[in-house]
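Just below is one structure, and these are the notes that go with it.
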Amino acid sequence: MYFDLTDEQKMLQDSVDGWLADSSGDAAIAAHADTPPEQTDHGWRGAVELGLPSLIVPEAFGGMGMDLLTLAVVMNRFGHYAAPAPLFPHAIVSLAIALGGSDEQKATWLPKLASGEIVATFAFGEPGADGRWEPASWQLGGGRLNGTKSHVIAAQQADLLLVGIEGGRLALVEKSAPGIQLQALDTIDTSRRTFDITFTDTPCAPLPGDVATRVRDAALVCLAADACGAAQRALDLTVEYAKTRQQFGRLIGSFQGLKYQIVNVATRQEPTRYLCWYAAHAFDAMPQESERLAALAKAHVTDVAVELGRVAVESHGGIGYTWEYPLHYFLKRAMFDRVYLGLPAVHRERVARVREW
């Protein structure tokens, strides 16, 4: 068995890394954070030029026909650079239509999604104490939608919405449909803008396939991969700082207490990458293990990422808390990934249920 990425995946990873290194530097992240949500394209144009919207779309509809593992590799690099382009929700919508859409829905939407002609996002969470992220808890009715979906990424930019509806099903809503109102939210992660969407008697087109759980699992793996990338960037910044910052005439990296702190979080961070890859591989090749591993990856990787981010900030001292220094973007990115689509405790409980513990 081959326990590594393919040469093709490594080449794609390098290409994405090179593009993001040029387009998503510290200055670009800061500029995006200061731009009103309605005035930015979130870096989408560059993603389209690289062909990233077509990654998960089947070849028959103009896509690359790649698997979730390949998408997770790309999402890891997006997290590493706190990239704002809404590739994550766009790809999840493409996957949902490919898995559960009717022939007409596939023919209508997948070519446009693959080319980047339109942008798509999903709306799963609903207001409530637990966010109602799970398919079984969705309450919006079919046919016509009335109610609110919360924390929808890049809703102002999307042309097509994938909405979770009652019965654990999914439906498509065109952004131009009547009765849609957006409310921008002030959230901790300024690299991704989120909105509440209120529907008032809005028409929708349900997907005939029962694929909500599979789609949710794919989204969890992507969030884990994104958090893993953000955590690695925070670790890299910390190691670099420890090698250059001097205190009392010595590099701070030579102090035993700080050295042990960094090593401890580094040894916890390194295996998370492979948990992400394995969870993505399970989605592609071991469907009987997919739900458990997706939940486990989301819970564990995002927990470790937030822990590492906090240690990274503390290791920097005062500069780690400043707005001008970029470290906080990666901690906030990991914090968003940890909360979005359900807290780790929720997914660990689901792992226990799946295993019948």
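Looking at this structure, is VAL93 more than 19 Å from VAL211 (Cα to Cα) and either crowded, with 19+ Cβ neighbours inside 10 Å or out of contact with any strand residue (DSSP E or B) (no Cβ under 6 Å at 6 or more places or on another chain) (or both)?
no
Going through region 120-131 one residue at a time, which ones are on the phi < 0 side of the Ramachandran plot and either open to solvent by 10 Å² or more (accessible area, probe 1.4 Å) or without any contact (Cβ under 8 Å) to a residue 24 or more places away in the chain (or both)?
Of everything in region 120-131, those that are on the phi < 0 side of the Ramachandran plot and either open to solvent by 10 Å² or more (accessible area, probe 1.4 Å) or without any contact (Cβ under 8 Å) to a residue 24 or more places away in the chain (or both) turn out to be PRO127, ALA129, ASP130.
Do you know which of the residues in region 304-352 that are of a type in the set (A, V, I, L, M, F, W, C), under 19 Å from the mean Cα position of the chain (by Cα) and assigned to a loop (DSSP other than H, G, I, E, B) is surrounded by the most Cβ atoms within 10 Å (Cβ to Cβ)?
LEU341
In region 293-303, how many residues are open to solvent by less than 40 Å² (accessible area, probe 1.4 Å) and either touching a strand residue (DSSP E or B) at 6+ places or on another chain (Cβ under 9 Å) or among the aliphatic types (A, V, I, L, M) (or both)? So that I can check it myself, show each step before the final result.
Going residue by residue through region 293-303, those that are open to solvent by less than 40 Å² (accessible area, probe 1.4 Å) are 293-295, 297-299, 301-302.
Add one more test, that the residue is either touching a strand residue (DSSP E or B) at 6+ places or on another chain (Cβ under 9 Å) or among the aliphatic types (A, V, I, L, M) (or both), and what stays is 293-295, 297, 299, 301.
Going through region 293-303 one residue at a time, the tally reaches 6.
Pairs only if they're at least six apart or on different chains, beta carbon under 6 angstrom, first in region 1-25 and farther than 14 Å from GLY46 by Cα and open to solvent by less than 60 Å² (accessible area, probe 1.4 Å), second modelled with pLDDT of 95 or more and not aliphatic (A, V, I, L, M); list them, first residue then second.
That search, which allows pairs on different chains as well, returns GLN9/THR70.
Inspect all residues belonging to region 262-280 and state whether any of them is more than 13 Å from GLN232 (Cα to Cα) and not in a helix (DSSP H, G or I).
no
For GLN232, work out the one condition from (1) open to solvent by 10 Å² or more (accessible area, probe 1.4 Å); (2) at pLDDT 95 or above; (3) in contact with a Leu (Cβ under 8 Å, 6 or more places away or on another chain) it doesn't fulfil.
Status for GLN232: all satisfied but (3).
Pick out the one residue from LEU99, LEU55 that is modelled with pLDDT of 95 or more and buried (at least 21 other Cβ atoms within 10 Å of the Cβ).
Testing whether each residue is modelled with pLDDT of 95 or more and buried (at least 21 other Cβ atoms within 10 Å of the Cβ) leaves just LEU55.
Looking at (1) open to solvent by less than 20 Å² (accessible area, probe 1.4 Å); (2) of a type outside the set (Asp, Glu); (3) at positive phi; (4) not in a loop (DSSP other than H, G, I, E, B), which one does SER290 not meet, given that it meets all the others?
Among (1) open to solvent by less than 20 Å² (accessible area, probe 1.4 Å); (2) of a type outside the set (Asp, Glu); (3) at positive phi; (4) not in a loop (DSSP other than H, G, I, E, B), SER290 violates only (3).
Matching residues to (1) without any contact (Cβ under 8 Å) to a residue 60 or more places away in the chain; (2) touching an Asp or Glu at 6+ places or on another chain (Cβ under 9 Å); (3) surrounded by fewer than 18 Cβ atoms within 10 Å (Cβ to Cβ):
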residue	(1), (2), (3)
ALA136	yes, no, yes
LYS149	yes, yes, no
ILE188	no, no, yes
SER191	no, no, no
THR194	yes, no, no
VAL211	no, no, no
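Scan region 65-90 for residues that are in contact with a helix residue (DSSP H, G or I) (Cβ under 6 Å, 6 or more places away or on another chain), surrounded by fewer than 24 Cβ atoms within 10 Å (Cβ to Cβ) and free of Cβ contacts under 8 Å to residues at least 60 places away in the same chain and jot them down.
Answer for region 65-90, where residues must be in contact with a helix residue (DSSP H, G or I) (Cβ under 6 Å, 6 or more places away or on another chain), surrounded by fewer than 24 Cβ atoms within 10 Å (Cβ to Cβ) and free of Cβ contacts under 8 Å to residues at least 60 places away in the same chain: just GLY65.
Across region 244-278, what is the number of residues that are surrounded by 11 or more Cβ atoms within 10 Å (Cβ to Cβ), more than 23 Å from the chain's Cα centre (by Cα), among the aromatic types (Phe, Trp, Tyr) and under 25 Å from GLY229 (Cα atoms)?
0
Assess whether PHE199 counts as being open to solvent by 10 Å² or more (accessible area, probe 1.4 Å), more than 30 Å from GLU289 (Cβ to Cβ) and of a type outside the set (Gly, Ala, Ser).
No.
Could you check how many residues of region 297-324 are at pLDDT 95 or above and either on the phi > 0 side of the Ramachandran plot or in contact with a His (Cβ under 7 Å, 6 or more places away or on another chain) (or both)?
Of the residues in that region, 2 qualify.
Within region 153-229, considering only strands (runs of 3 or more DSSP E) that don't extend past its boundaries, which have at least 2 residues that are at pLDDT 95 or above and closer than 21 Å to ALA114 by Cα?
Numbers: elements: 160-165, 169-174, 180-184, 194-203.
Once the strands (runs of 3 or more DSSP E) in region 153-229 are filtered for at least 2 residues that are at pLDDT 95 or above and closer than 21 Å to ALA114 by Cα, what remains is 160-165, 169-174.
The values are calculated or read from the model by the stated rules, or taken from the named source; none is laboratory data. All values derive from a computational prediction rather than experimental measurement. All Cβ positions, even for glycine, are placed from backbone atoms using ideal geometry, and neighbour counts span all protein chains on display. Note: accessible area is taken over every heavy atom of the protein model, side chains too, but ligands, DNA and RNA are not part of it. Shrake-Rupley method; radii C 1.70, N 1.55, O 1.52, S 1.80 Å.
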